[in-house]
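Since the structure comes first, as structure tokens, the remarks are kept for the end.
The values are calculated or read from the model by the stated rules, or taken from the named source; none is laboratory data. On a predicted model such as this, the values are computed, not experimentally measured, just so you know. Heads up, the Cβs are rebuilt from the backbone with ideal geometry, glycines too, and the neighbour counts pull from every protein chain shown. These accessible areas exclude ligands, DNA and RNA; they are computed on the full protein's heavy atoms, side chains included. Shrake-Rupley method; radii C 1.70, N 1.55, O 1.52, S 1.80 Å.
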Amino acid sequence: MWQGRESSQIIETLLDTLLGMLRVDFAFARFKNPTNNLPIEVTRIAQAHNNSQTEAVANALEPWLNNASPGLPLVVPNP
């Protein structure tokens, strides 16, 4: 099913599926591009599937993604 697809297409489909199954406000993924090892970030937002907020969501999640501040409360502000 995924043969010949790019990594980002697989992640986008996964996030769309998770968004519908879990009924969450958003789904976010960060992974490294296997060809150039650069990070790729994908966001899906429940209300309108508006991906223009990927950077804002990534910035809000940064402390947890890098585990730089494990003592912070588990609350993410609405970007």
I'd like the full set of residues that are without any contact (Cβ under 8 Å) to a residue 24 or more places away in the chain and not in a helix (DSSP H, G or I), limited to region 8-43.
Arg23, Val24, Asp25, Ala27, Ala29, Lys32, Thr35, Asn36, Asn37, Leu38, Pro39, Glu41
I'm checking my understanding of the structure. Among residues of region 43-63 that are at pLDDT below 70 and closer than 19 Å to Leu18 by Cβ, which one is nearest to the chain's Cα centre (by Cα)?
Asn51
Out of the residues in region 3-12 meeting the condition of being open to solvent by less than 60 Å² (accessible area, probe 1.4 Å) and of a type outside the set (A, V, I, L, M), tell me which one is nearest to the chain's Cα centre (by Cα).
Ser8
